[in-house]
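**Student:** For reference, the structure I am asking about is given below.
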Amino acid sequence: PRGGPRGGAKVIVEPHRFPGVYIIRGKEDMIGTRSLAPGETVYQEKKVQIQEGEIKIEYRVWNPYRSKIAATILGGVEQLGIRPGCKVLYLGAASGTTVSHVADIVGLEGSVYAVEFSERSGRDLVNMAKKRINVVPIVDDARHPIRYRMLVPMVDVLFADVAQRDQARILALNAQHYLKNGGRFLISIKANCIDSTVEPSVVFEREIETLKELGFVPEEMITLEPYEVDHAAVSGVYRPS
Amino acid sequence: MATYYLFETATGYSLFEGKSIEEIGGLLASVQESITSLKRFKKIVKLHAFMPFTLAEQALENMQEISAGRYHKDLKNFLKMNMPSVKKNKYKLAVEDSRLPNALNEIFPDLCCIKNETTNEIFRGIRMHFDEMIEGFDVKNLARGQLGLAHAYSRSKVMTDIKRYDKHII
């Protein structure tokens with residue numbers, strides 16, 4: 001369905017409780033981010049322009065059906081970790097659609113180190129990164145974080161959407177090298193990628209136990225319904241002091 | 001017995017010198033704690049040598065070798081110039097990549113490499129404080145170098161056939 005703002009429709013943009021995220025109030029409420037590259041779309045997402053005095057500010061609508069982080073925010077996660085000025089290591093960047101919104105949030109004072117193994121998606125990612133200088137595109141294997149050690153500093157937030165059976169281990173390997181003590185992690189879990197023979201809730205509980213064994217302190221779990229079926233996002237802290 | 005730490009970044013190779021692993025090995029918890037404080041961390045390791053890459057192409061060539069677990073001749077020269085003689089001095093070289101010792105032993109047969117939980121922690125500290133520890137070099141350089149190198153490296157991966165766009169369909 002088209003929905004959302006049309007030409008001439010009255011739209012109000014308000015800050016969300018997460019800095020860098022905005023609520024776009026129109027016919028329906030949506031969330032969005034303030035575009036770092038006005039005039040450009042990344043995946044044909046809707047744009048909303050607001051005139052503020054002399055300047056036009058452009059926001060891009062963030063579709064929770066296409067982004068697990070957007071679904072996590074709309075699911076009511078209490079702490080996101082991703083905020084203006086922070087450094088994010090993003091595993092499973094795909095074509096960079098969600099990465100582009102994360103880049104909008106962290107702004108030019110922050111950076112997103114976006115890792116994607118598929119060369120096909122990697123090409124789109126590299127092209128998106130040409131328009132956003134705070135995105136560091138890394139076409140390499142997140143299972144072997146040592147391979148990209150020349151490119152990544154210590155980061156504040158580690159996000160993973162890799163849909164692999166051993167994704168908790170992949171998260172831990174990357175955290176061991178790159179996530180600051182007290183840094184936050186967010187991982188998206190697709191139940192049937194890990195074990196399709198048991199109930200999703202059982203898979204989620206097991207994954208949380210695995211994360212604990214690996215030095216993470218999970219704090220909250222959000223199921224991504226209705227945007228994704230049998231998906232959850234787990235957020236927490238790494239090596240809290 | 002000292003330990004040297006080989007740290008590879010987008011801007012160049014660096015070698016840090018630290019107390020022996022045996023000496024600090026039993027203090028893993030305090031190492032973990034000290035890496036959050038630069039002042040305390042500097043008591044454990046200090047910069048010994050740094051060799052900047054001078055060209056973007058040079059950084060890319062080195063990254064491609066490092067990523068594959070091999071050494072580039074620049075790394076070989078850097079180590080030859082900056083490490084004490086292995087025969088006269090007893091020390092270990094700490095590395096982040098467990099594939100590197102095999103490669104390095106081809107050129108330094110007597111060199112003893114090390115990688116364990118403690119060296120991993122030290123490398124976290126070096127990565128954390130690199131900008132401050134490498135005084136005299138522009139701080140912004142590393143982030144800028146990483147961005148440029150990431151583009152070059154990733155482009156080289158997705159466009160293995162660089163002539164792809166020059167082919168005409170006849």
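Just so it is clear, none of the values below were taken in a lab; they were calculated from the coordinates. Everything quoted here is computed from the prediction, not taken from an experiment. Counting neighbours? That spans all protein chains shown, and the Cβs are built from the backbone with ideal geometry, glycine included.
**Student:** In the structure shown, do any of A:K130/B:K157; B:K43/B:K87; B:K76/B:K157; B:K46/B:K76 have a Cα-Cα gap over 18 Å, and if so which?
**Tutor:** B:K43/B:K87; B:K76/B:K157; B:K46/B:K76
**Student:** Would you please give the FRET efficiency between A:D195 and B:K76, computed as 1/(1 + (r/R0)^6) with r the Cβ-Cβ distance and R0 = 35 Å, to the nearest 0.05?
**Tutor:** Once rounded, the FRET efficiency stands at 0.15.
**Student:** When N counts the residues of the stretch A:86-241, how does its alpha-carbon radius of gyration compare numerically with 2.2 N^0.38 Å, as a ratio? Show your work: numbers first, answer last.
**Tutor:** Details: Rg = 14.9 Å, N = 156, 2.2 N^0.38 = 15.0 Å.
Dividing the Cα Rg of the stretch A:86-241 by 2.2 N^0.38 Å gives 1.00.
**Student:** I'd like the FRET efficiency for A:K47 and A:R17, computed as 1/(1 + (r/R0)^6) with the beta carbon distance as r and R0 of 25 Å, rounded to 0.05.
**Tutor:** Efficiency, rounded to the nearest 0.05: 0.60.
**Student:** Report, as an integer, the average count of C-beta atoms from other chains found within 10 Å of each Cβ along B:142-155.
**Tutor:** Mean partner-chain Cβ count within 10 Å for B:142-155: 6.
**Student:** Please report the antiparallel percentage of DSSP beta bridges with both residues in the protein assembly as shown, rounded to the nearest 5.
**Tutor:** 65
**Student:** To continue, here is another question. Could you go through the stretch B:47-61 in sequence order and give the Karplus-derived ³J(HN,Hα) for each residue, using 6.51 cos²θ - 1.76 cosθ + 1.60 with θ = phi - 60°, rounded to whole Hz, and x for Gly and Pro?
**Tutor:** Running phi through 6.51 cos²θ - 1.76 cosθ + 1.60 with θ = phi - 60° gives 5, 10, 7, 9, 10, x, 6, 9, 10, 4, 5, 5, 4, 5, 4 Hz.
**Student:** Taking the Cα centroid of the stretch A:166-185 and of the stretch A:14-37, what is the distance between the two, rounded to the nearest whole Å?
**Tutor:** Taking the Cα centre of each part, the stretch A:166-185 and the stretch A:14-37 sit 29 Å apart.
**Student:** Then there is this: Any idea what the alpha-carbon Rg over 2.2 N^0.38 Å comes to for the stretch A:125-179?
**Tutor:** The stretch A:125-179 yields a ratio of 1.17.
**Student:** Ok, one more. Please report, to one decimal in angstroms, the Kirkwood hydrodynamic radius of the stretch A:1-147 built from all distinct Cα-Cα pairs.
**Tutor:** With all distinct Cα pairs of the stretch A:1-147 included, I get 15.8 Å.
**Student:** Hey, with R₀ at 30 Å, roughly what FRET efficiency would B:K88 and B:I114 work out to, going by the Cβ-Cβ distance, to 0.05?
**Tutor:** 0.95
**Student:** What are the aspartates and glutamates whose alpha-carbon lies under 13 Å from the alpha-carbon of A:K10, with same-chain residues fewer than 8 places away excluded?
**Tutor:** A:E28, A:D29
**Student:** Would you mind checking which residues have amide H under 5 Å from A:K180's amide H? H placed 1.01 Å from N; only 5 or more apart, or other chain.
**Tutor:** Excluding prolines and chain starts, which carry no amide H, the hits are A:V155.
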